[in-house]
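**Q** My questions all concern the structure below.
The values are calculated or read from the model by the stated rules, or taken from the named source; none is laboratory data. All values reported here derive from a predicted model rather than from experimental measurement. Cβ atoms come from the backbone with ideal geometry, glycine included; neighbour counts cover every protein chain shown. All accessible areas refer to the heavy atoms of the entire protein, side chains included, with ligands and DNA or RNA removed. Shrake-Rupley method; radii C 1.70, N 1.55, O 1.52, S 1.80 Å.
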Amino acid sequence: MSSLRDGKKLVRSPSGLRMVPENEAFYSPFSLDEPQWVPDKECPRCMQCDAKFDFIIRKHHCRRCGRCFCDKCCSKKVPLPRMCFVDPVRQCAECGLISQKEMEFYDKQLKVLMNGATFLVSWESSEKSEKTVCRLSNNHRSLFLDGENHYEVEFSRISSVQILTDGFTPGGGNSRATGMLILYGTAGKEEQQQLKLTATDDYNGNRKLSVTWLSAMHKAVKLMYESRDQ
């Protein structure tokens, strides 16, 4: 059943080849929809440098924003995993920079989330803390918590996260992350539930991985909010 739900298919769009879930309900919460391209008749000039399009200066559409540019202003091909493109695609300078920054999340932070980290986990309804391994599912749609029991939080139902720190460092320095509060909803319930993660040593005595995981989780939720606001 799981393999059916997580099945992928190759589709061709005007922007390029995309590897997308067979069921639209199982898109990653970080994914973005392809933009509507600005119609050719509405953009006689480059929307960056104002060069007039003709037989020599050809127009190109940025695959991320859909606007029209000349080749000089839209020459770079950059990976765009948030739209499931198989190969790097043409993007304008502004969008290309954004996509390049997001690649750090896909290359590093997403892997950290999926590998998991160890925390002391407690729910708002209970004072008991349980040593738990938290990790993001392979399809990015669920947060798995494995301790004495197995719990799942649907990622798209997370409404807010708050990084907990050890206080402010004198002189304006960075404080150290010690945990996270996660507010999320569940099917069939109106009230939000709160989950508290406290960084702790893993089974190898390493706490650094938990702190790195918290940073990656904060970035992941930010990307999800951007997808919602698209």
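**Q** Residue check: is R12 closer than 29 Å to M114 by Cα, of a type in the set (K, R), over 21 Å from the mean Cα position of the chain (by Cα) and open to solvent by 50 Å² or more (accessible area, probe 1.4 Å)?
**A** Yes.
**Q** Tally time: how many residues in the range 107-128 are crowded, with 16+ Cβ neighbours inside 10 Å and outside any strand (DSSP E or B)?
**A** Of the residues in that region, 5 qualify.
**Q** Quick check: is even one residue across the range 83-94 acidic (D, E) and either open to solvent by less than 40 Å² (accessible area, probe 1.4 Å) or free of Cβ contacts under 8 Å to residues at least 24 places away in the same chain (or both)?
**A** no
**Q** Could you check the range 110-131 and list, in sequence order, the residues that are more than 18 Å from T186 (Cβ to Cβ) and in contact (Cβ under 8 Å) with a residue 40 or more places away in the chain?
**A** Correct list: L110, V112, L113, G116, A117, T118, F119, L120, S129, K131.
**Q** Do the conditions hold for Q91, that is, is it of a type in the set (S, T, N, Q) and in contact with a Pro (Cβ under 9 Å, 6 or more places away or on another chain)?
**A** So Q91 fails the test.
**Q** Among the listed residues P29, P88, P44, identify the single one that is at pLDDT 95 or above and touching a Phe, Trp or Tyr at 6+ places or on another chain (Cβ under 7 Å).
**A** One residue alone meets the criteria, P44.
**Q** Can you tell me which residues in the range 150-186 are open to solvent by 80 Å² or more (accessible area, probe 1.4 Å) and at pLDDT below 90?
**A** D166, F168, P170, G171, N174, R176 - these are the residues of the range 150-186 that are open to solvent by 80 Å² or more (accessible area, probe 1.4 Å) and at pLDDT below 90.
**Q** If you don't mind, another one. Can you tell me which residue in the range 48-66 is nearest to P21 (Cα to Cα), limited to those that are free of Cβ contacts under 8 Å to residues at least 40 places away in the same chain and open to solvent by 70 Å² or more (accessible area, probe 1.4 Å)?
**A** Per the criteria, the residue is R58.
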